[in-house]
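No lab work stands behind these numbers, since they all come straight from the coordinates. Keep in mind that what you see is a predicted model, and the values were worked out from it rather than measured. Please note: Cβ atoms are built from the backbone with ideal geometry, for glycine as well, and neighbour counts cover all protein chains shown.
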Amino acid sequence: METDFIYWRHKTPAGIEVEEICGADDKPASVWLQLALQVYGENGKERFRIIDHTDSGAPLLEDSCQRISVSHTPHFLCIAQLPRTPEADLNVFNPRTAMGIDCEKSDREQVLKVRERFLSEGELSSIPSDNVEANVLAWTCKEAIYKAALTPGLDFRACIELKRLPAICDHPGPLRADAPSPFGEAVVIRADAPDIELTLYSYRSEGHIITLAYSPKCAKYKS
């Protein structure tokens, strides 16, 4: 029996909008992704949306001065977006538009086999080698940070420092007033430019961990 696509749009406590598509498990991953992108395009608020790319390879909405970031696994797609920023050049790093998203299955044990490739010595010591979810969280953080930094060639171990991992929220909805802060912090070290400070926010959805990395100075939606 065919499974329909499920489409969600979330406004997160980070001030970033995330749209998710899952389902259609009867479709091969390659075909599924193209169909999921079609669903995303048809769910535009104002018009059909087409994902294009900047000269640097970062995704953006065709004919729109709006930062987006895309991540997917087989049968799960998430796209994050900031408000329009016509004053900013989307081809280069700018704190106003610095944002990235990454998703991964929360039980993906393969990440334990490659943790030495993306974690620094200090991170290897502080993140248990047998904790799958903690290592998946760290992986999504590093991937999202890399996208937000818009700096090709960054070494995940040497140039991306996880100062504090975010807590994983059970949903992307509003935070309780009495709840502890779930946000994490990271620093990107660049050879020929100032370091970049980023905030991290993570939540669960459909068996995945989704992480946003963004500049505290980026454009945000009002809650």
Fill in the blank from the handout: So for segment 34-124, using the alpha carbon gyration tensor with a ≥ b ≥ c as root eigenvalues (a/c under 1.5 gives rounded; past that, a/b versus b/c decides prolate or oblate), I'd call it oblate
Problem - the chain, dipole about Cα centre (Lys/Arg Cβ +1, Asp/Glu Cβ -1), debye to the nearest 20 - result: 540
Practice task
Calculate the spin-label point distance for residue 121 paired with residue 190, positioning each point 7 Å from the Cα along the beta-carbon direction, and give it in nanometres.
Solution key: 2.7
Exercise for the section: With an 8 Å cut-off on Cα pairs and a minimum separation of 6 or more residues, tell me the relative contact order of the chain in percent. Expected result: 20
Problem - From the coordinates shown, semi-axes √(5λ) of the Cα gyration tensor in Å corresponds to which of (i) 52, 26, 13; (ii) 28, 20, 17; (iii) 25, 22, 17 - result: (iii)
Exercise for the section: Give 11/142; 105/142; 27/142 a once-over and call out the pairs whose C-alpha atoms are over 24 Å from each other. Expected result: 27/142
Problem - Most to least packed among 102-110, 199-207 [average Cβ atoms within 10 Å] - result: 199-207, 102-110
Exercise for the section: Multiply the residue separation of residue 176 and residue 221 by 0.36 nm, subtract the distance between their alpha-carbon atoms, and state the gained length in nm to one decimal. Expected result: 14.3 nm
Practice task
Loop only per DSSP, at most 10 neighbouring Cβ atoms within 10 Å: give me the GluC sites (Glu not before Pro) in segment 1-63, ordered by residue number.
Solution key: 2, 46
Practice task
Output the antiparallel fraction of DSSP beta bridges having both residues in segment 5-214, as a percent to the nearest 5.
Solution key: 95
